[in-house]
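The values are calculated or read from the model by the stated rules, or taken from the named source; none is laboratory data. All of these numbers come straight from a predicted model, not from anything done at the bench. Counting neighbours? That spans all protein chains shown, and the Cβs are built from the backbone with ideal geometry, glycine included. To get the accessible areas, we keep the full protein, side chains included, count just its heavy atoms, and leave off ligands, DNA and RNA. Shrake-Rupley method; radii C 1.70, N 1.55, O 1.52, S 1.80 Å.
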Amino acid sequence: MKSFPLTSLVLLVSILASSRCFEGEGSAFGFVWPFSNVHDEPISREATDFQYDQQEADNNQSGLRVVGLERDRESLESAEQLPGPMASSPNDNRQPSGIPYKPQQPPMDTSSLFQHHFNTFFNAPESSFLEGGFPGFGFFDLHQSKPWWKGENVCVEREEQEEEVDGDENHEIAVDGGNFQSFGVFNMNFESCAEQQNKHVCTSVKNNNGRKRTVKVTRQCCHGYARPRNGPPNAQCEKIDLYPMAETVERLGAKEFIATLKKSGLESILQKDLTLFAVPDSAYSRFTEQMWENNLVAFDSAMRSKRQADLSGMTARDLILAHTVNGSYHIEDVSNEQLLKTELDDTNIRVNIFPRGPSDKTANHPYRYTANCAPLVKLNHVAEKGIVHVVDRVLLPVRSNIMQIIQARDDMTVLRTILEKTGLNKMLEEVGDDKHFTVFAPNDDAFLKLDKDIRRKLKAGSGCATNILKNHILDITFCSLAAINGVKTTTYNLLGEKLEFEYASMAKTEADDMSNKKDQRLKINGDTNVQEMDLMGTNGVVHVIDTVLSTDSGMPISNTLANRNLTIFKQLIDDAGLEDTFDNLSNKTFFIPSDKAFEQSEAGQYWIQQLKEHPETLKDNARLKEFLEYHVAEPLIKTCDLSEDMVKTTAGQNLRVNLYNTNPVFTNVMNRATVNCARLMHFDDETCGSVVHEVDKVLEAPKSDLMGVLKTNTDYSMFLQLVEKANLTDLLSTANENLTVLVPKNDVFLEVKEWFDETMENMEDLDNVIRSHIVPNVVCCAGIVQSDWPFIRTTETINHQRLKLNRNRRPQVQNAGITKCDIVATNGIIHEINDVISVQKKQHIEAQGFPSFTRPLTFWFK
């Protein structure tokens, strides 16, 4: 009997599964558990609890109907008793109220059901099953296993939507982020459920012969009931004490707020279904004192005084209305960046949601919430009608967009000018549900810290003005609450660059005491202070900062060269009078030689000498301008986008890009790049609309093709004779080739003069020798790395001979060392070598006993 518990479990599941079955649509799997009594979740609400207008329902979106509380056999839910034709408008934002429905008949006798199934077989008493007497089922507790949303005091709402789809085509159905595809007339059903503290929502989609039906069933604790937040997972909805709205607000410590509401003649609105953002007494008193001191608003019983014109003449009545939203909104039902329309005309409250810090273990909610960037300190306090959230400060009505906020300040004249010059002001004037920005706004003193030339260019809207401003703008609402004390908080700006926020200690000031803040200040990237926080606009928030945020991508090329210590190239630009020209370049790729590269090349040494001895001759120097522009290509190409290709320079000439692999295992990963065989040493430094790659060689435009290089160098005359005798001059003169030619100097051939003379007379050997020195692709010295067994690197010549590549003290090709690397021509490169490549004579042997191939197998013999 050791296996009896497992056997009993299988029997129980089998019998339960067969005891109650539905045909087709009653259940997703064709059965329900016998203890899913039709009266286990008989929740309803009275008709008087809903203001449902049939005409309003008829005007709703086509195909959408809210079924309310009725029996549904097509929702993929267990059978329910949902009496009453109740419904609610899909456009009604209120939190529906309701009372739990009490069954008209007693629930099914579960013990009798079990007795019917099992007593016949095992002749066991009823208690043996329900009290643990039956082997293997002592843990089985029917009541504890039932989810809370199938318990009592749960109200149910149901929405349906139907739409026609083309049955002849394939269709994709999305259910809560998941995509599914139906083909032709194939019927497919899907369901997805999500659970919150007091709400359970299931969405099912059925595609039946080209007609899609979506059903959304929402179960939640009825009005006046809630689940204990720290209770067990299946804690049921329990009755809670409800009070009138005014008393609820007073109990939350906002007596002055509710007193002002009553004095303003607004007591009647408390009879409506509202969401009230109440202000606690301490914050409200502090606000009224500040208003009195500034002679802005008076809160006397007659409410006679008003704010001055700079606050649009708002009264205390307006202030209360700006904290009032029609309809009940539990905070879990509000999404990030959602705008809640207030009772004050043309004003909204923007709700934002931010994660808590890793050390914050005390809060009841997993997130932190703000209303117009003011923290919500108490959430979801339900009244007899409506709901109350407590906000830690007064919410001033928001009617100005971000650009209007900047324009209204006297200390942001420079920022306003740059925004208008670059056209970014139009973006910050956009308003809508999907428009939300954060601007870290440098004041005028912050711009004075910049170099005067940069400041001049910015005010003119030239240079890198657009990038510098985008470095200060986010496409989200980032309230000061988003930064967590003791933790670095990270977000990304419009350039995709990271900004880091943290609080730093500072001396406590009187202002800090007035605003009830700790002696800390928010810093950005470690060196920029936020002086004023959370200036709310209709399309986001503004924070005032004391320093312009630095970014490489917002700096002109001249600053990037200085920061990277590329001083010689920068000095040449300055002395040529091209600084402004280069700074204004956009969508370019700069290949800048290091100072060491200048010192090690003949061309570089020439320009260094000119800088030292004749700097006056460099102004408007055409040759220097051509030299500098040859290091600038277009368009902007980062290393991840480089490919084996020619790129055009601003001088109108070409640069050859090559990619190489240096990893002996992952040979398909290109991890080294060259341009005209100059290796990229440091790369992807972003500058104003461009990118900078540092290279280890000065780039010189080639003057001739490979044949021209051979002809102009007398040390290559004997190799040239072999090329001409082999009739390969056309190959080395072809413009669209990319060849590597391995050229022994004359002294190498003189050491084997007898062999040289014999080869000149044997055309077959001559052709084989020359072709063994030509590779049909560009192999720069930077692409030749150490190659040891078993990872032997080779390249193939134009006569299909494999040459081993290696690097010890110098790069090596087969048996020859490269003594001079990368002589660049228009159609390839030349490597000067110290030996003749060993020639292998090939013989063709037809394989016997093997299948024949279209061409014979080739074997090589020395």
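Structure notes:
- Amide H partners (placed H, <5 Å) of D696, local residues excluded: R679, M681
- Förster radius 35 Å - calculated FRET efficiency between F791 and K596 (Cβ-Cβ, nearest 0.05): 0.70
- Averaging Cα coordinates gives a centre for region 420-485 and one for region 763-834; these two points are 54 Å apart.
- Put simply, the Cα atoms of region 541-590 extend 44, 22, 18 Å along their principal axes, the longest span coming first.
- Estimated inter-spin distance, D453 and D580, nm [label 7 Å along Cα→Cβ]: 1.1 nm
- Gap separating the Cα centres of region 516-579 and region 687-708, nearest whole Å: 31 Å
- Amide hydrogen proximity for L739: with H placed 1.01 Å from N in the peptide plane, the residues at 5 or more positions away or on another chain lying under 5 Å are G828, I829.
- Taking amide hydrogens as placed 1.01 Å from N in the peptide plane, the amide H of A825 sits under 5 Å from those of I830, each at least 5 positions away in sequence or on another chain.
- Diffusion constant of region 612-678 at 10 °C, which comes from Stokes-Einstein with the Kirkwood Cα-pair radius and 1.306 mPa s, µm²/s: 113 µm²/s
- Taking label positions 7 Å along the Cα-Cβ direction at both L339 and A235, the computed distance is 3.7 nm, reported to one decimal.
- The 3J(HN,Hα) values that the Karplus relation (6.51, -1.76, 1.60; θ = phi - 60°) gives for region 435-442 are, in residue order, 9, 8, 10, 10, 10, 8, 8, x Hz. Gly and Pro appear as x.
- Taking every alpha-carbon pair under 8 Å whose residues sit at least 6 apart, region 400-477 reaches a relative contact order of 37 percent.
- Fraction of accessible area attributable to carbon and sulfur, region 592-703 (%, probe 1.4 Å): 48 percent
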